[in-house]
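Presented below is the structure to which this report refers.
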Amino acid sequence: MKTQQITRRIVKTFPQYMMLNTRCVIDKSYDLILSGYALDRTPSGIYINKFYYPLFDYSEGCHLTYSDRLPDLENIISFADIDKSDLADLTLSIITRWKEDVDEIFTIEEFCHMLDKRYEKRNVWNSIVRMNYGTAQVLLGNYELAKQSLIQCRKHLHKNDIPTLDELEAKFNQSPEEAKAFILQQAEKMKTQLKLT
């Protein structure tokens, strides 16, 4: 069974979701953070992830960087252990168990809290995650924390992401309101890219 067939079944069963792509479904009621489920298919089976994605992420398309595997699925749903025709039913039953946990609108504050919790034990942050953490802090009005995060991400940021960081910092230096407007403009571009508008 193809991943797209499973995501279609999810959307048909739970009308509050819509397909983002062939492997992700998101809650239709979102603000700046998309939330839902992502199916990560491998040759031997499927992982189900709680899917989170900030629309102000500056990447070229959606990725699973902010997502987490569902706790009861630390191991793969193995194709060897289940008939492929039962895969959609098993996926739906797992999602049903976790729906309440994932269904609420994920706020920017919750997004930052999730990242704080995830990285509190590690000193090394993914640089694009650090950049988007700083971006979120701008939106929350935590300007000092935003400035620190943006400075920290620069040294490890991919060279293709530096111009965006430069533009964000230039806007921030003009005024926090200019930076917020720039971030919201980026979010609108991402909505268009993901065909959400």
*Which FRET efficiency, nearest 0.05, do Thr192 and His63 yield, Cβ-Cβ r, R0 22 Å?*
0.80
*asked:* Cut-off under 17 Å on the C-alpha distance; same-chain residues fewer than 8 positions from Lys50 excluded. Which lysines are left, in chain and number order?
replied: Lys28, Lys99, Lys117
*Just the C-alpha atoms of the chain: what Rg/Rh do they give, with Rh taken as the Kirkwood radius?*
1.01
*State whether the range 106-197 is rounded, prolate or oblate according to the following rule on the C-alpha gyration tensor (a ≥ b ≥ c being the square roots of its eigenvalues): a/c under 1.5 gives rounded; otherwise a/b larger than b/c gives prolate, and the remaining case gives oblate.*
rounded
*asked:* Between His113 and Glu167, what is the label-point separation in nm under the 7 Å Cα-to-beta-carbon projection?
replied: 3.2 nm
_Please compute the length gained on full extension between Lys147 and Asp101, using 0.36 nm multiplied by the number of residues separating them and subtracting their Cα-Cα distance._
13.4 nm
*Where labels lie 7 Å past Cα in the beta-carbon direction, separation of Ser78 and Asp31 in nm*: 4.3 nm
*Of Ser127, Thr91, Phe79, whose Cα points farthest to the positive end of the dipole of the range 42-159 (charges on the beta-carbon: +1 Lys, Arg; -1 Asp, Glu; origin at the Cα centre)?*
Ser127
*Contour minus Cα-Cα distance for Ala181 and Arg154 (0.36 nm per residue)*: 7.6 nm
_Cα→Cβ-extended label distance, 7 Å offset, between Asn21 and Ser93, nm_ = 3.0 nm
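Each reported figure results from applying straightforward, stated rules to the coordinates on display, with no laboratory input. Quick caveat: nothing in here was measured; it's all calculated off a predicted structure. Positions of Cβ are backbone-derived with ideal geometry, glycine not excepted, and every protein chain shown enters the neighbour counts.
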